[in-house]
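I have placed the structure first, in the form of structure tokens, so that the comments after it can refer back to it.
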Amino acid sequence: MITLVYGGSSSGKSEFAENLVCSSRIQKKYYLATMKYSPDTKERIHRHRVLREGKGFHTLEYAVDISNALKELKEFETTESHASEGKCILLLECMSNLVANEMFLDGEIKSAHQCADKILKEVEALEKQTDSLVIVTNNVFEDGRNYDNETKEYMKALGMVNRQLAASAESVFEVVVGIGIKQ
Amino acid sequence: MILIVGGSYQGKTEYAKQHFSNHNIWNGLHLFVKEKLKKNLSEEQILDEIHKKTDEGHWVLISDELGNGIVPIDEKDTQWREVTGRILILLAKEADEVYRVLLGMGQRIK
């Protein structure tokens, strides 16, 4: 089951998504972080970590190839201290980073279709292995600017992924000034 | 306090005047944030100034939505949209009512 959380930059979508996960009855909570660690993103990653503190998430970090997170998730669940039956919920944040990471990996640019197909297949695998999958994604589509072809291709890929996820999601929220609006 | 957000030229001011004529209207809150950032004020200081200015009377605060685009190249622009976004989240928490105006139509979201 997919829940999609959509919003602009600094719209409060992360906090909204985290609260959504924390208010779920499912006990086992995983956080799949897709942001690459760099001097530019350091501060933001730190802020999000502080936001998540004490909320009981186990963090998985995959900037690309998110289906590999499943292996780590299973390994984590089979370690003695975490051996537990029961449902799990996974929060994936953020799709906009994942699309950029996949698309511009190793300086080789994938096409929007190729990129979107790969990600959607991997999301499907994650959905099958979890009881609830909450995906945070970004609205980068409304500044009316004209961008270079690479950026346009990126926007196209993210748009394709967002639309497909929205179509298969159980519920979709748009977050505006921290308030989730059910679509 | 009432908060109104939306894209530019969506009719936010018109909406405020029509529905909250007995309120003071503060238009262009996002521009206030920009101006204060230029003077190196922090997020907290800016919020503080907003609180002080709206301390008395009934207020409608209006701001453009800035976050729905690609990350700007200029770091200052990025900082502006992020600080504005976070300030709006905090103001929305304090507000009695929050509206989002699209095509002149106000949707009450709080």
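The values are calculated or read from the model by the stated rules, or taken from the named source; none is laboratory data. The structure displayed is predicted, hence computed values, not measured ones. Neighbour counts are summed over all protein chains in view; Cβ atoms, including those assigned to glycine, are modelled from backbone coordinates with ideal geometry. Ligands, DNA and RNA are excluded from the accessible area calculation, which covers all protein heavy atoms including side chains. Shrake-Rupley method; radii C 1.70, N 1.55, O 1.52, S 1.80 Å.
The residues of the protein assembly as shown present an accessible area of 53 Å² per residue when probed at 1.4 Å with all protein chains retained.
Return one quarter of the surface area of the convex hull spanned by the alpha-carbon atoms of chain B, equal to its mean projected area, in nm².
Orientation-averaged projected area of the Cα hull: 6.7 nm².
When both bridge partners sit in chain A, DSSP labels roughly 15% of those beta bridges antiparallel. Taking 17 Å as the cut-off, the amide N atoms of region A:106-137 that come nearer than this to a point 7 Å along the Cα-to-beta-carbon line of A:Ala167 belong to A:112-125. Here the spin labels are modelled as points 7 Å beyond Cα on the Cα-Cβ line, and at A:Thr151 and A:Arg49 they lie 3.1 nm apart.
Once the Cα atoms are used to define both axes, helix B:75-94 deviates from the longest principal axis of chain B by about 40 degrees. Relative to the dominant Cα principal axis of chain B, helix B:43-53 is inclined by about 30°. Amide H to amide H distances under 5 Å link B:Leu66 with no residue, where only residues 5 or more positions off or on other chains count and H is placed in the peptide plane. On full extension, the segment bounded by A:Thr78 and A:Asp40 gains 10.1 nm, given 0.36 nm per residue less the C-alpha separation. Going by accessible surface with a 1.4 Å probe and the largest first, A:His58, A:His48 read A:His58, A:His48.
Over all directions, what mean area does the Cα convex hull of chain A project, stated in square nanometres? Projected over every direction and averaged, the Cα hull of chain A covers 10.8 nm².
For chain B, carbon and sulfur atoms together expose 49% of the accessible surface, with a 1.4 angstrom probe and every protein chain in place. Within the set A:Lys29/A:Lys71; A:Lys29/A:Lys118; A:Lys36/A:Lys128; A:Lys55/A:Lys87; A:Lys121/A:Lys152; A:Lys71/A:Lys156, which residue pairs have Cα atoms separated by over 19 Å? Long pairs (Cα-Cα over 19 Å): A:Lys29/A:Lys118; A:Lys36/A:Lys128; A:Lys121/A:Lys152; A:Lys71/A:Lys156.
Across peptide A:168-179, the mean count of Cβ atoms from other chains lying within 10 Å of each residue's own Cβ comes to 5.
Legend: mean number of C-beta atoms from other chains within 10 angstrom of residue C-beta atoms, peptide A:7-19, equals 4.
For the pair B and A, the buried accessible area comes to roughly 1700 Å² in total, with a 1.4 Å probe and the value rounded to the nearest 100. With contacts taken as Cα pairs under 8 Å and at least 6 residues apart, region A:56-173 reaches a relative contact order of 31 percent. Under the convention that each Lys and Arg Cβ holds +1 and each Asp and Glu Cβ holds -1, the size of the dipole of chain A around its Cα centre is about 420 debye.
Please give the FRET efficiency for A:Ala63 paired with B:Lys39, using the beta carbon to beta carbon distance and R0 = 51 Å, rounded to the nearest 0.05. The pair A:Ala63/B:Lys39 has a calculated efficiency of 0.85.
Normalised Debye scattering of region A:1-44 at q = 0.29, 0.34 Å⁻¹ gives log10 I(q)/I(0) of -1.20, -1.26, counting only Cα atoms as equal scatterers and leaving out solvent.
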